[in-house]
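A short write-up of the structure that comes next.
The values are calculated or read from the model by the stated rules, or taken from the named source; none is laboratory data. Here the structure is a predicted model, which means the values were calculated and not measured. All Cβ positions, even for glycine, are placed from backbone atoms using ideal geometry, and neighbour counts span all protein chains on display.
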Amino acid sequence: MERTLSIIKPDGVQRNLIGEVVKRFEKAGIRIAAMKMLRLTKQQAMGFYKVHQERPFFESLTDFMSSGPVVVMVLEGGDVIQKNRDLMGATNYKEAAEGTIRHDFATDIEKNVVHGSDSPATAATEIAYFFSELEICR
Ligand code: CDP
Ligand code: MG
């Protein structure tokens, strides 16, 4: 069993896409092991995305990520890191495959509805950023 962190970004929450995203995870056989809604401060968004701090989009991305509530989830299942990335689609929605969340709902390279961890190491760090072990249901 593998775990990954998923975030429904502020654009997804604002556009009433929580149910749609969760439905896609459940239909794919992914188990939701933890879930909560919160609003990141600018500092917390900067901490979460610190791997991107030198990138030109960092300032705008962290403004966006702290602009409204997000839904954070721990997803669990076999090969769930890759499975979630496949359901999400490419970072740039214009390159995302048909039927992926970003293809179907993203409006911008930045406002692309969902986040998903990209490796076991980042999944562990990102899950710990939001959840204590006690908050994750076995
Ligand atoms: O989210 P993902 O792992 O697919 O992409 P990333 O390369 O880790 O970038 C993190 C986030 O930064 C993306 O999901 C976009 O919201 C944003 N981004 C952007 O605004 N402009 C770019 N050229 C690349 C990423
Ligand atoms: Mg990434």
Problem set entry | segment 56-81, residues that are under 13 Å from the mean Cα position of the chain (by Cα) and surrounded by fewer than 18 Cβ atoms within 10 Å (Cβ to Cβ) | Pro69
Seminar exercise, completed: Residue count, segment 122-132, condition away from ligand 1 (no atom under 13 Å from the Cβ) and in a helix (DSSP H, G or I), comes to 6
Exercise. From Ala34, Ala28, which residue is away from ligand 1 (no atom under 11 Å from the Cβ), at pLDDT 95 or above and touching a Cys at 6+ places or on another chain (Cβ under 9 Å)?
Worked result: Ala34
Seminar exercise, completed: Within segment 102-121, of all residues that are touching a Leu at 6+ places or on another chain (Cβ under 8 Å) and either within 11 Å of ligand 1 (Cβ to nearest atom) or small (Gly, Ala, Ser) (or both), the one farthest from Glu76 (Cα to Cα) is Glu110
Exercise. If you check Asp86, Asp63, which single one turns out to be farther than 22 Å from Val21 by Cα and more than 9 Å from ligand 1 (Cβ to nearest atom)?
Worked result: Asp63
Exercise. Is it the case that some residue within segment 105-116 is closer than 14 Å to Ala28 by Cα, within 15 Å of ligand 2 (Cβ to nearest atom) and buried (at least 19 other Cβ atoms within 10 Å of the Cβ)?
Worked result: no
Problem set entry | Residue, farthest from the chain's Cα centre (by Cα), within segment 82-104, restricted to residues that are outside any helix (DSSP H, G or I) and among the β-branched types (Val, Ile, Thr) | Thr100
Exercise. If a residue has to be in contact with a strand residue (DSSP E or B) (Cβ under 9 Å, 6 or more places away or on another chain) and either assigned to a helix (DSSP H, G or I) or hydrophobic (A, V, I, L, M, F, W, C) (or both) to count, how many in segment 13-43 make the cut?
Worked result: 16
Seminar exercise, completed: Per the filter on segment 52-81, residues part of a helix (DSSP H, G or I) and in contact (Cβ under 8 Å) with a residue 40 or more places away in the chain are Ser60, Leu61, Phe64, Met65, Val80, Ile81
